[in-house]
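**Q** I'd like to ask you about the structure that follows.
All of the numbers you see were taken from the coordinates with simple rules; none came from a lab. Predicted model only: the values in this text are computed from it and were never measured. We place every Cβ from the backbone using ideal geometry, glycine too, and count neighbours over all the protein chains shown.
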Amino acid sequence: MMNSSGAAVVARGLTVVRGDRTVLSGLDFTVWPGRITGLLGPSGCGKSTLMRALVGTQARVTGTLEVLGRPAGDASLRSRIGYVTQAPSVYDDLTVRQNLDYFASVLLPGRRRAEIRRQHITRVIEDVDLASHADALAGRLSGGQRSRVSLAVALLGTPELLVLDEPTVGLDPVLRRDLWNLFHRLADERGTTILVSSHVMDEAERCHRLLLMREGELLAEDTPDALRARTRSETVEQAFLHLVDQADAAARNSSRDAAADPDPFQENHR
């Protein structure tokens, strides 16, 4: 079930405060089903916090956040969302297949579902191109291969929404290309909604839509083509920098205006 508007994710006034710091500040955005939405911005801008809010693991979230027609964190969403964190979530002393069998038994419990689990495991191993390493210990895999095992875990059960936190960081160009090809197959052939974060701006060109973030705020929400046209830029990176400069200029003007306008209360009491 989607939101009544047909959206997979709807956020209104999404805010997260940690101590005396506002990590996310009143975000309004929409993620549409069957599309790849890129969440882009520099490290520390709040991307991971936003993703944790989406999957229901972030504390002190205010505002409205609806995911697949339910409030974020609702128990009914657990089997409908696949989540990949930056750190690979696998057991080093188990093989790739054993890792997947363990997580599949949690996701698809019951003896009668054993054959279904095997089918899912075979499918996801092929999806992430790890068939030749299926019986290798996860602890002996390269960093990129371990990341692919985490992605395979997230793909078990055919989730409707995939939330991927910088899944291509540290990977070589060939593997990055192969993963992006997989993301597009999932979106195009299976209708999977994908939200993928990155601080690498050239990956923005591979997304259907973009959410550009900076310092906990949303600078823009649009397609790559529309962002380039709107800012008269050749690349999304140039468009992002243009929007940053605009935001900085607006903040400076606001500060100057505030300094130039006297406090009316004080003026009336002189």
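**Q** In the set [x] 1.04; [y] 0.98; [z] 1.15, which value of Cα Rg over 2.2 N^0.38 Å was calculated from the structure you see?
**A** Entry [z].
**Q** Continuing with the same structure: So what are the ³J(HN,Hα) numbers for the stretch 205-217, from phi and the Karplus equation (6.51, -1.76, 1.60; θ = phi - 60°), rounded to whole Hz, Gly and Pro as x?
**A** My calculation for the stretch 205-217 gives 5, 8, 9, 6, 9, 10, 10, 9, 10, 7, 6, x, 10 Hz in order.
**Q** Another question, if that's okay. Can you tell me the relative contact order of the stretch 24-174? Whole percent, Cα pairs under 8 Å, sequence separation 6 or more.
**A** Working: 158 pairs, mean separation 45.0, N = 151.
Worked out over the stretch 24-174, it gives 30 percent.
**Q** Please list, in order along the stretch 144-149, the HN-Hα scalar couplings obtained from phi with the Karplus expression 6.51 cos²θ - 1.76 cosθ + 1.60 (θ = phi - 60°), rounded to whole Hz, x for Gly and Pro.
**A** Coupling constants for the stretch 144-149: x, 5, 5, 4, 5, 5 Hz.
**Q** Oh, and also: State the extension gain, in nm to one decimal, for the chain segment bounded by Gln238 and Ala114, taking 0.36 nm per residue of separation less the distance between their alpha-carbons.
**A** Working: separation 124, 0.36 × 124 = 44.64 nm, distance 5.08 nm.
Net length gain for the segment: 39.6 nm.
**Q** Any idea what % of Cα-Cα pairs in the stretch 165-252 are farther than 16 Å?
**A** On the way: 2207 of 3828 pairs.
In whole percent, the share of Cα-Cα pairs in the stretch 165-252 beyond 16 Å is 58.
**Q** Let a ≥ b ≥ c be the square roots of the eigenvalues of the Cα gyration tensor of the stretch 89-158; is it rounded (a/c under 1.5), or, if not, prolate (a/b larger than b/c) or oblate? Working shown, then result.
**A** On the way: a/c = 1.98, a/b = 1.66, b/c = 1.19.
Prolate, because a/c is 1.5 or more and a/b exceeds b/c.
**Q** On C-alpha positions alone, give me the angle between the axis of helix 114-127 and the longest principal axis of the chain, in degrees, nearest 10.
**A** 60
**Q** What list do you get for Val96, Val55, Val16 if you sort them by fewest beta carbons within 10 Å? Write down the numbers at each step before the final one.
**A** On the way: Val96 27, Val55 19, Val16 22.
In order of increasing Cβ crowding within 10 Å: Val55, Val16, Val96.
**Q** Just the number, please: Stokes-Einstein D of the stretch 56-203 in µm²/s, Kirkwood Rh from C-alpha pairs, 25 °C, 0.890 mPa s.
**A** Working: Rh = 16.1 Å.
So the translational diffusion coefficient is about 153 µm²/s.
**Q** At a threshold of 8 angstrom on Cα-Cα distance, excluding pairs fewer than six apart, so keeping six or more, what relative contact order does the stretch 89-158 reach in percent? Write down the numbers at each step before the final one.
**A** Details: 70 pairs, mean separation 35.3, N = 70.
This gives 50 percent for the stretch 89-158.
**Q** Scattering from the C-alpha atoms of the stretch 1-129 alone, worked out with Debye: what is log10 I(q)/I(0) at q = 0.10, 0.17, 0.22 1/Å?
**A** -0.43, -1.03, -1.30
**Q** Still on this model: Search the structure for amide H atoms under 5 Å from the amide H of Leu94, placed 1.01 Å from N in the peptide plane, and list their residues when 5 or more places away or on another chain.
**A** Ala138, Gly139
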